[in-house]
Amino acid sequence: MKTLFLGFISLFMFVSIHQKQETKTITATFDFYEEGVYYFSDGEEDSYDFAKIEQDVLKKFDLKSDSYKDVRFKITYKEEMQKEEEDEYQIWVIVKLELVE
């Protein structure tokens, strides 16, 4: 019984550790939204394309309209693996946005 209990605890810890996803943060300017992708640039040579945005973020900042075009944001995002048929690829998902003054 003790072994079974320790097994469940180990499994729970393993799942909890792997469910935590690391987030990254950048500061960039919103350029435009097109065909389901949100495009940002940092003013240098780097550009960023985000394939998803969490619903609570989208409710606060309607990036599908032009009202936030050329506005700088602090962007917190995570990476997700997507699978289509036999192909697997990584996308970026916006989890938090903050206006930069």
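Given the whole protein assembly as supplied and a 1.4 Å probe, what does the accessible area of Asp87 come to in Å², nearest 10?
Rounded to the nearest 10, that gives 100 Å².
With each label point set 7 Å from Cα along the Cα-Cβ vector, what nm distance links Tyr39 and Ile26?
1.4 nm
For Gly43, what is the net charge nearby, where nearby means another residue's Cβ is under 15 Å from its Cβ and Lys, Arg count +1, Asp, Glu -1? Kindly include the intermediate steps, with their values, before the conclusion.
Values: positive: Lys69, Arg72, Lys74; negative: Asp31, Asp42, Glu44, Glu45, Asp46, Asp70.
With Lys, Arg at +1 and Asp, Glu at -1, the net is -3.
Considering amide H positions built from the backbone, and no H for Pro or chain starts, which residues 5 or more places from Lys96, or on another chain, come under 5 Å of its amide H?
It is Thr76, by chain and number.
Output the pairs from Lys64/Lys96; Lys24/Lys74; Lys59/Lys96; Lys74/Lys96; Lys24/Lys69 with a Cα-Cα distance over 20 Å in this structure; if there are none, say none. Could you put the intermediate results ahead of the total?
Values: Lys64/Lys96 16 Å; Lys24/Lys74 10 Å; Lys59/Lys96 11 Å; Lys74/Lys96 8 Å; Lys24/Lys69 22 Å.
From Lys64/Lys96; Lys24/Lys74; Lys59/Lys96; Lys74/Lys96; Lys24/Lys69, over 20 Å: Lys24/Lys69.
How far, in nm, would the chain grow between Tyr89 and Asp56 when pulled straight, counting 0.36 nm per residue and subtracting the alpha carbon separation? Walk me through the intermediate numbers first.
Numbers: separation 33, 0.36 × 33 = 11.88 nm, distance 2.48 nm.
Between Tyr89 and Asp56, full extension yields an extra 9.4 nm.
Thr27: net charge of surrounding residues, Cβ under 12 Å, Lys/Arg +1, Asp/Glu -1, itself excluded?
Details: positive: Lys24, Arg72, Lys74; negative: Asp42, Glu44, Asp46, Glu98, Glu101.
Neighbourhood net charge equals -2.
The values are calculated or read from the model by the stated rules, or taken from the named source; none is laboratory data. Only a predicted model underlies this, so the values are computations on that prediction, with no experimental measurement involved. Neighbour counts run over all protein chains shown; Cβ positions are idealised from the backbone, glycine included. Just so you know, the surface numbers come from the protein's heavy atoms only, side chains and all, with ligands and any DNA or RNA stripped out. Shrake-Rupley method; radii C 1.70, N 1.55, O 1.52, S 1.80 Å.
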